[in-house]
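Structure, as structure tokens:
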Amino acid sequence: MLPDSRGGDRFLRVTWHPATSTVVFSHWTGSICTASTPVTLGDASRLVELFVGALRSLAKEAISGQGAPAQGNDGAAASLLRRLRRGATSVTDLSHRLRVDWDRRATR
């Protein structure tokens, strides 16, 4: 379950239903389901594209030195990033290893 960024006792639950090949997004207030939206895998891939695009934009901003948007006006992308960070393990920078492997392949 993902908490609603507006607070309160609202959550989003996402479940996979293999029998129908759908992902169901259900909206909860406390223990009551207030709405549900079944989404086909094809349409769910569009959501993945949206998330990847949002994270790509944030990464480009961070690399270019613009940083994150101002506190309190950070929008959905920053909210998503905070949620991902909460459940994520530490990230190991392997770019130097990729560069070494790339250089080795290029000299063969």
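Laboratory data are not the source of any read-out in this text; all were calculated from the coordinates shown. Keep in mind that this is a model prediction, so the values were computed, not measured. Quick reminder, even Gly has a Cβ in these numbers, built from the backbone with ideal geometry, and neighbours come from all protein chains shown.
Figure legend. Inter-residue proximity from the range 1-20: first residues without any contact (Cβ under 8 Å) to a residue 12 or more places away in the chain and farther than 24 Å from residue 40 by Cβ, second residues among the aromatic types (Phe, Trp, Tyr) and in a strand (DSSP E or B), beta-carbon distance below 6 Å, spacing 6+ or different chains. Indicated pairs: 3/11.
Residues of the range 21-37 being in contact with a strand residue (DSSP E or B) (Cβ under 7 Å, 6 or more places away or on another chain) and loosely packed, with under 14 Cβ neighbours inside 10 Å, which ones? Passing the criteria: 21, 29, 33, 34, 35, 36, 37.
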